[in-house]
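Novice: Below is one structure. I have some questions about it.
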Amino acid sequence: MTPPTTCATPCPSPATKQMLKQILTSAVFAGVAAGVLAALLQLWLVVPLIMEAELFESGQRVHFAADGSPQSDRGAPSVWDEPLRHIYTIGFSAVTFTAYAFFMVAGFALATRAGHEITPRRGIVWGLCGAIAVVIAPAIGMPPELPGAIGAEVVPRQVWYLSCVVLTLIGLTQIAFDGRSRVWITAPIFLLVPHLMGAPHLDTYFGVAPAELASEFVARVMGVALISWVLLGLFAALIWTRSEEA
Amino acid sequence: MNENVQAIAQTQSKTRVDADMMGIAGAVLLGLVLLFAAGFAQASVLHDTAHDMRHAMSFPCH
């Protein structure tokens, strides 16, 4: 019996090539599209608050005056003044969402292999879970910070952030895909552990920006993240299912 | 003969499954590289250009 192929290394089967193509096209197109839309939402809702906070960071505006009466003007600089800066933001947003898309599409591939169906509507739920894992759960320990906020050392915060994202993803994945009843004990543990451990914090408040500005910023970061992640899940699942049919 | 065919079919499906896993692992690796560069690297040129995005996406920035 002759071997079916003459490749020195295992030949990629048509199905495998199909899978690779499916992963790459879904991730890149969905990531760039969601990233650019996310950046436009951020330029509208979030970046002006960052630029306003920089006025307090640099001392051009002072909110907490020495006489103890906090008060300052409201209003952000125009986003049209620094076009290059915002082009970078759009570019990096596209890169970041492409990274998220690679993780999500790898998840699609694993879920498909395990016999779960991917549909655009389910893609939206995947997106919601992404927003919970990457933005909302970590924000419980470390709320998004305006420029000028002084936090603990950056590396321990990054480690806590990534641990929180991974543990939250494990918890959510168990709830979504693990049918065993012990999930109702293990998943909450995964979801709670990062918060029981607690994020690194300083013992002192240093904020120079008004509390209103910081709270507006946090709320908008979360809102924009939710919309952007839903779009990412929807786009990725749409392209994924289309290329599956092709 | 039948066993041989079965064995070949099994090997083929195993290579396909392994190659699929390589594709998935490659996707995760690419995602990690992009995410590290955009969100976590502290090199100042990356930090400065990605600054607003990092704040807006709630990465720990500085």
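Novice: Does A:I50 satisfy the criteria of being surrounded by 15 or more Cβ atoms within 10 Å (Cβ to Cβ) and either of a type outside the set (D, E, K, R) or within 9 Å of chain B (Cβ to nearest Cβ) (or both)?
Specialist: Numbers: surrounded by 15 or more Cβ atoms within 10 Å (Cβ to Cβ): yes; either of a type outside the set (D, E, K, R) or within 9 Å of chain B (Cβ to nearest Cβ) (or both): yes.
When the stated conditions are applied, A:I50 passes them.
Novice: Right, another one. Condition first: more than 15 Å from B:H55 (Cα to Cα) and of a type in the set (A, V, I, L, M, F, W, C). Now tell me which residues in region A:96-108 satisfy that. Full working, then the answer.
Specialist: Narrowing region A:96-108 to residues more than 15 Å from B:H55 (Cα to Cα): A:98-108.
Matches in region A:96-108: A:A99, A:A101, A:F102, A:F103, A:M104, A:V105, A:A106, A:F108.
Novice: Same structure, new question: Taking region B:35-46, which residues are exposed (fewer than 14 other Cβ atoms within 10 Å of the Cβ), part of a helix (DSSP H, G or I) and modelled with pLDDT under 90?
Specialist: Looking only at region B:35-46, we keep the residues that are exposed (fewer than 14 other Cβ atoms within 10 Å of the Cβ), and these are B:36, B:41-45.
Filter once more, so that each one left must be part of a helix (DSSP H, G or I): B:36, B:44-45.
Listed by number, the residues that qualify are B:S44, B:V45.
Novice: Moving on to the next point. Any residue that is within 14 Å of chain B (Cβ to nearest Cβ), among the acidic types (D, E) and farther than 29 Å from A:L231 by Cα - is there at least one of those in region A:131-149?
Specialist: Scanning region A:131-149 turns up no residue that is within 14 Å of chain B (Cβ to nearest Cβ), among the acidic types (D, E) and farther than 29 Å from A:L231 by Cα.
Novice: Restrict the check to region A:95-105 and report whether at least one residue is more than 10 Å from every other protein chain (Cβ to nearest Cβ) and over 14 Å from the mean Cα position of the chain (by Cα).
Specialist: No, the conditions are met nowhere in region A:95-105.
Novice: Next up: In this structure, is A:L24 at pLDDT 90 or above, at the interface with chain B (Cβ under 9 Å from one of its Cβ atoms), surrounded by 17 or more Cβ atoms within 10 Å (Cβ to Cβ) and part of a helix (DSSP H, G or I)?
Specialist: yes
Novice: Filter region A:77-94 down to the residues that are assigned to a helix (DSSP H, G or I), over 18 Å from the mean Cα position of the chain (by Cα) and not acidic (D, E) and list them by number.
Specialist: Taking region A:77-94 and keeping what is assigned to a helix (DSSP H, G or I), we get A:79-81, A:83-94.
Next cut, over 18 Å from the mean Cα position of the chain (by Cα) only: A:79-81, A:83-87.
The answer is A:V79, A:W80, A:P83, A:L84, A:R85, A:H86, A:I87.
Results for (1) facing chain A (nearest Cβ under 7 Å); (2) modelled with pLDDT of 85 or more; (3) touching a strand residue (DSSP E or B) at 6+ places or on another chain (Cβ under 8 Å); (4) part of a helix (DSSP H, G or I), shown as yes or no for each residue.
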{"site": "B:D18", "(1), (2), (3), (4)": "no, no, no, yes"}
{"site": "B:G23", "(1), (2), (3), (4)": "yes, yes, no, yes"}
{"site": "B:V33", "(1), (2), (3), (4)": "no, yes, no, yes"}
{"site": "B:H62", "(1), (2), (3), (4)": "yes, no, no, no"}
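Novice: Taking region A:200-215 as the search range and keeping residues that are assigned to a loop (DSSP other than H, G, I, E, B) and among the hydroxyl-bearing types (S, T, Y), which one is nearest to A:A65 (Cα to Cα)?
Specialist: Only one residue fits best here, namely A:Y205.
Novice: May I ask you to list the residues in region A:157-190 that are within 12 Å of another protein chain (Cβ to nearest Cβ) and among the basic types (K, R)?
Specialist: A:R157
Novice: Another one. Among the numbered criteria (1) modelled with pLDDT under 95; (2) more than 23 Å from A:T241 (Cα to Cα), which one does A:G115 miss?
Specialist: (2)
Novice: Sort through A:R122, A:R85, A:R61, A:R113 and tell me the only one that's touching an Asp or Glu at 6+ places or on another chain (Cβ under 9 Å) and either surrounded by fewer than 13 Cβ atoms within 10 Å (Cβ to Cβ) or touching a residue at least 12 places away in the same chain (Cβ under 8 Å) (or both). Even if it seems obvious, please write down each step before you answer.
Specialist: Values: A:R122 fails: touching an Asp or Glu at 6+ places or on another chain (Cβ under 9 Å); A:R85 fails: either surrounded by fewer than 13 Cβ atoms within 10 Å (Cβ to Cβ) or touching a residue at least 12 places away in the same chain (Cβ under 8 Å) (or both); A:R113 fails: either surrounded by fewer than 13 Cβ atoms within 10 Å (Cβ to Cβ) or touching a residue at least 12 places away in the same chain (Cβ under 8 Å) (or both).
Just one listed residue meets the conditions, A:R61.
Novice: Which residue pairs have Cβ atoms under 7 Å apart, sit 6 or more places apart or on different chains, and have a first residue in region A:153-167 that is closer than 15 Å to B:L35 by Cα and a second that is outside any helix (DSSP H, G or I)?
Specialist: Close Cβ pairs satisfying both conditions: A:Q158/B:P60; A:Y161/A:M142; A:Y161/B:P60.
Novice: Restricting to region A:178-188, give me the number of residues that are part of a helix (DSSP H, G or I) and loosely packed, with under 13 Cβ neighbours inside 10 Å.
Specialist: Of the residues in region A:178-188, 2 are part of a helix (DSSP H, G or I) and loosely packed, with under 13 Cβ neighbours inside 10 Å.
The values are calculated or read from the model by the stated rules, or taken from the named source; none is laboratory data. Only a predicted model underlies this, so the values are computations on that prediction, with no experimental measurement involved. All Cβ positions, even for glycine, are placed from backbone atoms using ideal geometry, and neighbour counts span all protein chains on display.
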